[in-house]
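Undergrad: Before I ask anything, let me first share the structure, which is written out below as structure tokens.
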Amino acid sequence: MSNSSEGQVTAEQVHAALVALGAEPVADPARPEGPQEEDRLHLLGSLLAKTELEITAATRLTEEEEIEDVLETMLGWSEQVGPDPGLAVNVLTNRLHRTAMQVAPEAEELPPGREASFAAAMTAVYTLSAQLHAERGDVQGTRRALGGAEEALIDILQGVHDLRVAIGDVAGLEDEEG
């Protein structure tokens, strides 16, 4: 299903896959010519969502069976990605960015649990980035990424603390001062 000239699937191929899976996107009446190459990333996102929904529906929810299902999914993922560890890290980083954006889609102030979850995903992004920079001997890049990871870790701790305050497990700063 790949375009041999670039090794990428076309918008038309992704659209065909979505149709085959019964997840055809709603047609845009202003664009009767069908999927265009500029629609490719949007269509790939739809295909990714359909795949994740299928995996979620197929995953058994008992602890032991769920682990087996996750491992089986990972085996298929690893076979597709192949042996290149750099590519695998790039795919993981991309996934973590998407996860962070899905946890915190709005720019306004987030509830503390969502803020901490966003920061956790970003901690992983920054830490993976730091490791890649370190492996390339890029000390400055490693430092920048570690700085981002440290800031995100602080945000995790703050979000967890704020959530504990919200449920009454610990006193808030204003309670401690007053």
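The values are calculated or read from the model by the stated rules, or taken from the named source; none is laboratory data. It should be emphasised that the depicted structure is a prediction, and the values quoted were computed from it without experimental measurement. With ideal geometry, Cβ positions are generated from the backbone for all residues, glycine too; neighbour counts draw on all protein chains shown. Note: accessible area is taken over every heavy atom of the protein model, side chains too, but ligands, DNA and RNA are not part of it. Shrake-Rupley method; radii C 1.70, N 1.55, O 1.52, S 1.80 Å.
Undergrad: How large, in percent, is the carbon and sulfur part of the accessible surface of the chain at a probe radius of 1.4 Å? Don't jump to the answer; show the numbers that get you there.
TA: Numbers: 7160 of 12590 Å².
Ligands and nucleic acids excluded, carbon and sulfur reach 57 percent.
Undergrad: Accessible area per residue, 1.4 Å probe, Å², for the chain: what's the number?
TA: On the way: 12590 Å² over 178 residues.
Per-residue accessible area for the chain comes out at 71 Å².
Undergrad: Angle, helix 139-166 long axis vs. longest principal axis of the chain, Cα atoms, 0 to 90°, nearest 10?
TA: Here the helix axis deviates by roughly 70 degrees.
Undergrad: Could I ask something else about it? Below 8 Å, C-alpha to C-alpha, sequence gap of six or more: please give me the relative contact order for the chain in percent.
TA: Details: 131 pairs, mean separation 23.0, N = 178.
Relative contact order of the chain: 13 percent.
Undergrad: Separate question: Pull up all non-local amide H partners of Gln8: gap of 5 or more, or a different chain, and H-to-H distance under 5 Å with H placed in the peptide plane.
TA: Excluding prolines and chain starts, which carry no amide H, the hits are Asn3.
Undergrad: Let me ask something else. Hey, how much of the P(r) for the chain falls beyond 21 Å, as a percent of Cα pairs? Spell out each step's value before the answer.
TA: Working: 10568 of 15753 pairs.
Distances greater than 21 Å cover 67 percent of the Cα pairs.
Undergrad: Might you report the magnitude of the Cβ-based charge dipole of the range 72-143 about its Cα centre, with Lys and Arg at +1 and Asp and Glu at -1, to the nearest 20 debye?
TA: Details: 5 positive and 9 negative charges, 29 e Å.
Dipole magnitude for the range 72-143 comes out near 140 debye.
Undergrad: What is the helix-to-structure angle for 11-20, meaning the angle in degrees between its Cα long axis and the longest Cα principal axis of the chain, kept from 0 to 90 and rounded to the nearest 10?
TA: So the inclination is approximately 90 degrees.
Undergrad: Over the chain, with a Gaussian network built from C-alpha contacts below 10 Å, which listed residue (Asp28, Asp84, Asp162) shows the highest mean-square fluctuation?
TA: Ranking Asp28, Asp84, Asp162 by mean-square fluctuation puts Asp28 first.
Undergrad: Then there's this: With each pseudo-label sitting 7 Å past Cα toward Cβ, what's the Asp84-His97 distance in nm, one decimal?
TA: Taking the simple label geometry, Asp84 and His97 are separated by 1.6 nm.
Undergrad: Please find the FRET efficiency linking Glu68 to Ala16, where r is the Cβ-Cβ separation and R0 is fixed at 35 Å, and quote it to the nearest 0.05.
TA: Values: r = 32 Å, r/R0 = 0.91.
According to the calculation, E is roughly 0.65.
Undergrad: Is it possible to state the helix-based mean residue ellipticity at 222 nm for the chain, with each DSSP H run of 4+ residues giving -39500 (n - 2.57), the sum divided by total residues, to the nearest 500 deg cm²/dmol? What is it? Before the final figure, lay out each step's value.
TA: Numbers: 7 runs with 124 residues, N = 178.
So the calculated ellipticity at 222 nm is -23500 deg cm²/dmol.
Undergrad: Per residue of the range 92-100, what does 6.51 cos²θ - 1.76 cosθ + 1.60 with θ = phi - 60° give for ³J(HN,Hα)? Whole Hz please, x for Gly and Pro, Karplus curve as stated.
TA: 5, 4, 4, 5, 5, 4, 4, 4, 4
Undergrad: By how many degrees, between 0 and 90 and to the nearest 10, does the Cα long axis of helix 63-81 differ from the longest principal axis of the chain?
TA: 60
Undergrad: I would also like to ask the following. Hey, if you put +1 on the Cβ of every Lys and Arg and -1 on every Asp and Glu Cβ in the range 1-160, which of Gly7, Ser78, Pro25 ends up farthest toward the positive end of that dipole?
TA: Gly7
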